[in-house]
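Reviewing the structure listed below.
We did not get these values from a lab; they are worked out from the coordinates using the rules stated. Just so we're clear, the structure is a prediction, and the values are computed from it rather than from any experiment. FYI the Cβ positions are ideal-geometry reconstructions off the backbone, even for glycines, and counts take in every protein chain you see.
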Amino acid sequence: MNKNSNIYQILYAAVMVLIVGTVLAFIYMALKPKQDDNVANDKRKQILSAVHMTPASDDVIEETFNKYIIAGYLLNKDGSVADSAQNVAFEIDMKNNIKLKERDLPLFKCKLDDGSIKYIVPVYGAGLWGPIWGYVAVNDNGTDIYGAYFSHEGETPGLGAEIANPNFQEQFKGKNIYPDGEFKSISVMKAGQKPTDGSEYVNAISGGTITSRGVQAMLSECMMPYDAFFKKLQSETNLICGTDLECETK
């Protein structure tokens with residue numbers, strides 16, 4: 001075959017594309033399990049950060065997570081457990097879940113070394129330049145926050161990106177989401193300002209007004225659906241009851 005002919009060049013290009021495509025597909029398939037593990041471990045680290053816990057090394061992230069995160073649930077609107085299958089809460093994609101008319105309500109149950117129980121709620125919203133997300137840990141009294149973790153996709157460094165700064169996140173510890181007996185999300189206010197609805201508040205990020213508002217809206221929108229569950233925690237029974245009518249004490 002004439003190597004200078006159009007047919008030869010087309011066939012040569014087609015074969016090369018096929019070979020390169022096959023190699024890339026093989027590499028992708030070979031690396032995908034490791035990539036999936038890395039994504040899962042990053043999510044585990046974020047969840048643990050909400051309870052002020054940092055694994056000693058990347059090698060023990062999963063082990064640490066499995067030790068302290070003792071259960072995961074999907075809740076019904078009435079605060080009861082709809083599903084408690086293994087990994088059912090972990091596998092919820094909040095980016096897609098937040099768009100649903102009838103959202104899933106994932107919840108993680110954490111037991112610390114001192115025996116105390118914390119319930120971790122995933123949150124997801126919008127910042128200035130893209131999505132923001134995080135995890136909020138609530139004490140087992142169902143009223144105050146134990147810890148919070150936030151992250152972002154593309155907020156401005158030094159401004160909106162400061163939501164990922166521990167100094168910002170630490171402000172949420174101890175804040176009451178039921179200051180007058182009814183759910184009121186934490187407000188994020190400019191320094192010197194206070195909310196008018198009686199809600200507790202933290203200081204907004206200087207120069208990151210839109211991202212700060214995004215955090216406030218995210219907390220309100222994502223935590224309000226757990227109101228029935230929080231009120232159950234506040235009740236005298238302190239039980240989590242599933243659809244099979246079996247209950248698990250705290």
Task: Net +/- balance of residues flanking A161 in space, Cβ distance below 12 Å, scoring K and R +1, D and E -1 - done: -3
Open item on the list: Take the residue pairs K67/K190; K43/K175; K95/K173; K190/K231; K77/K99; K34/K118 and return only those whose Cα atoms are more than 27 Å apart.
Closed with: K67/K190; K190/K231; K34/K118
TODO: Could you compute the FRET efficiency for D113 and M224, with r as their C-beta to C-beta distance and R0 at 41 Å, rounded to 0.05?
DONE: 0.85
Open item on the list: With Cα extents along the principal axes in Å as the read-out, I listed [x] 65, 31, 30; [y] 86, 48, 40; [z] 65, 34, 30; which label goes with the value calculated from this structure?
Closed with: [y]
- [ ] Neighbouring Cβ atoms within 10 Å as the yardstick, rank V138, V81 fewest first.
- [x] V81, V138
- [ ] Evaluate the distance, in nm, between pseudo-label points positioned 7 Å from the Cα of N66 and of K190 along their respective Cα→Cβ axes.
- [x] 5.1
Open item on the list: Just to be sure I understand: with springs between alpha-carbon atoms less than 10 Å apart, which residue in V51, V15, V60 has the highest mean-square fluctuation in the Gaussian network model of the chain?
Closed with: V15
- [ ] May I ask you to derive the relative contact order of the stretch 58-249, considering only C-alpha pairs under 8 Å and at least 6 residues apart, and to give it as an integer percent?
- [x] 19
- [ ] Rank these for me by crowding, I132, I92, going from fewest to most other beta carbons within 10 Å.
- [x] I92, I132
Open item on the list: Could you tell me the center-to-center distance, by alpha carbons, between the stretch 1-60 and the stretch 135-194 in angstrom?
Closed with: 36
Open item on the list: Counting only other residues whose beta carbon sits under 15 Å from that of A126, what net charge do I get with K and R as +1, D and E as -1?
Closed with: 0
- [ ] Would you calculate, for the chain, the mean residue ellipticity at 222 nm contributed by helices, counting each DSSP H stretch of 4 or more residues as -39,500 (n - 2.57) and dividing by all residues, to the nearest 500?
- [x] -11000 deg cm²/dmol
